[in-house]
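First comes the structure, then the notes that go with it.
FYI, it's all coordinate maths here, none of it is from the lab. The shown structure was predicted, so the numbers you read here are calculated from the model rather than taken from an experiment. Reconstructed Cβ throughout: ideal geometry from the backbone, glycine too, with neighbour counts over all protein chains shown.
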Amino acid sequence: MKPLLLLLLATLALSCAAPKARAANDFPVMDLHSDILLRAIDYGVEIGNAPEWTQVNTRTMREGNVRDQVLSVWVNSRLLTGMASTRRALQMIDLFELQAEKYADEFALARTVAESDAIHASGRVAVWLWLEGGAPIDNDLALLRTFHRLGIRGMTLAWTNNLLWAGSSSDTEDDKMGLTDFGRDVVREMNRIGMIVDVSHVSERTFYDALAISTDPVVASHSACRALCDHDRNLTDDQLRAIAANGGVVGIALLPTFLKKEWEAGWEAAEASIAPQIEALAQRYGGNRLHPDYREERRLLIQAALAPEAVVTIDDYLDHLEHAIHVAGPRHVAIGSDFDGIWAFPVGLEKASGWPKVVEGLRTRGFDDATIRGVMSENARRVFREVLDK
């Protein structure tokens with residue numbers, strides 16, 4: 001056989017044998033936390049026809065290959081308590097159901113991983129509902145069960161203030177509170193009915209109380225690593241290892257103040273340095289500093305004025321993912337953006353469409369496809385399957 005023909009045949013054989021590298025947008029994404037329902041109830045945003053300033057919507061999820069999106073049913077427990085909190089949560093669930101009907105060809109509610117698989121097969125996004133903070137159950141297990149019947153599949157035990165039965169990491173009066181006897185009953189009942197226990201936002205004592213009681217894997221849906229950034233919302237290495245021992249996952253959040261210690265002071269300094277520009281911008285919006293377009297333009301102004309050492313990038317986010325992988329192990333790390341609930345983002349990761357950049361970043365850092373696939377979706381889906389499909 002002629003040498004040239006042999007070379008061509010050898011090249012063809014090698015090309016057939018070598019597996020093709022998967023494109024970054026081939027990795028399905030499961031994001032454990034978004035607050036787009038807050039924007040829906042406050043500003044009339046529709047997930048299927050959202051304005052440009054939103055981060056999670058059908059357009060950005062499709063571009064980012066988001067297959068599973070957890071939507072937070074968040075109530076400000078500093079302002080609303082008792083049945084007022086319950087009512088607000090029910091209104092948000094009702095609003096979601098109306099939008100799910102309107103955009104039934106784009107997304108649907110999932111209650112089990114088996115249901116989410118069927119939703120994916122139909123080309124739609126599987127949406128999961130989550131209570132952020134236990135205030136809406138109003139110290140009543142019957143209400144916990146009712147929310148579960150309405151499709152809620154997880155609950156963050158506390159938000160930024162202590163409840164009567166669970167302590168928060170951010171409570172300014174007492175951040176050492178743990179679970180009361182009723183709080184322990186809440187965790188046991190969540191295990192019994194098939195609802196995922198979420199330990200983001202909670203105090204360290206509540207964290208360890210919950211893990212001591214839960215017979216199911218838990219999640220920390222949107223936190224980061226305290227070893228890299230000392231913030232009360234971040235988890236210590238011991239907590240990361242405890243979640244791994246429990247079989248759970250930690251979803252790494254995007255808020256820059258969780259990711260880099262220099263950011264918060266830098267943001268305040270940048271804001272002060274352009275105060276006249278910000279005031280002029282506010283006047284353009286008639287003094288309405290809550291207007292979403294004003295908030296977005298203000299964010300961009302401050303971001304442009306940040307000192308270089310205070311800028312948070314995708315690399316800072318990747319640092320937290322990598323640290324969590326090394327400490328907790330590759331099967332116990334996930335993503336939990338907090339999109340549409342936060343006011344600043346790592347540069348280049350401002351919307352759900354940016355997730356393929358995280359895939360590329362992890363690949364650049366030497367992680368194999370199996371690890372990346374786990375972080376982007378499969379680790380969280382494993383926990384959901386173990387808790388919800390049993």
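Once the Cα gyration tensor of segment 19-66 is found, what semi-axes does its equivalent ellipsoid get, as square roots of 5 times the eigenvalues, in whole Å, sorted largest first? Let's see the in-between values first.
Working: eigenvalues 150, 23, 8 Å².
Three semi-axes, in Å: 27, 11, 6.
If you average the sequence gap of Cα pairs under 8 Å that are 6 or more apart and divide by the length of segment 261-311, what percent do you get for the contact order?
Details: 38 pairs, mean separation 29.2, N = 51.
Reported relative contact order: 57 percent.
Taking 0.36 nm per intervening residue step and subtracting the Cα-Cα distance, what contour gain separates Gln277 from Arg295 on full extension? Intermediate values should be presented prior to the final figure.
Working: separation 18, 0.36 × 18 = 6.48 nm, distance 1.31 nm.
Gain in length upon complete extension: 5.2 nm.
Over all distinct alpha-carbon pairs, what is the Kirkwood Rh of segment 261-311 in angstrom? Don't skip to the answer; put the middle values down first.
Details: mean 1/r = 0.0898 Å⁻¹.
Result for segment 261-311 stands at 11.1 Å.
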Rounded to whole Å, sorted largest first: equivalent-ellipsoid semi-axes of segment 227-302, Cα gyration tensor: 36, 15, 7
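Gain in length, Arg62 to Arg385, computed as 0.36 nm per residue apart minus the alpha-carbon separation, to one decimal in nm? Present the calculation step by step, with values, prior to reporting the outcome.
Working: separation 323, 0.36 × 323 = 116.28 nm, distance 2.33 nm.
Stretched out fully, the Arg62 to Arg385 stretch lengthens by 114.0 nm.
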Candidates Asp175, Asp338, Asp238: whichever shows maximal mean-square fluctuation once the chain is modelled as a Gaussian network with Cα springs under 10 Å: Asp238
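Just want to confirm a number: the relative contact order over the chain, from Cα pairs under 8 angstrom separated by 6+ residues, in percent. Present the calculation step by step, with values, prior to reporting the outcome.
On the way: 758 pairs, mean separation 75.2, N = 390.
Over the chain, the number comes to 19 percent.
Between Gln91 and Thr160, what length comes free when the chain is fully extended (0.36 nm per residue of separation minus the Cα-Cα distance, one decimal in nm)? If you can, show how the numbers build up before the last one.
Details: separation 69, 0.36 × 69 = 24.84 nm, distance 2.16 nm.
Roughly 22.7 nm would be gained on extension.
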Under the Debye formula (equal points on every Cα, no solvent term), log10 I(q)/I(0) of the chain at q = 0.07, 0.08 Å⁻¹: -0.32, -0.42
Most positive-pole-ward Cα, Trp159, Ser214, Ile41, against dipole of the chain from beta carbon charges: Ser214
Spatial extent of segment 195-338: Rg and Dmax, with the Cα atoms as the point set, Å: 18.1, 55
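What size of dipole, in debye to the nearest 20, comes out for the chain about its Cα centre when the only charges are +1 on Lys and Arg C-beta atoms and -1 on Asp and Glu C-beta atoms? Kindly include the intermediate steps, with their values, before the conclusion.
On the way: 41 positive and 55 negative charges, 228 e Å.
The dipole magnitude comes to about 1100 debye.
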Protection-proxy order for peptides 63-72, 190-199, each taking the mean of Cβ atoms within 10 Å per residue, highest first: 63-72, 190-199
Pairs of Lys in the chain closer than 26 Å at Cα, counting only those 8 or more apart or on different chains: 8
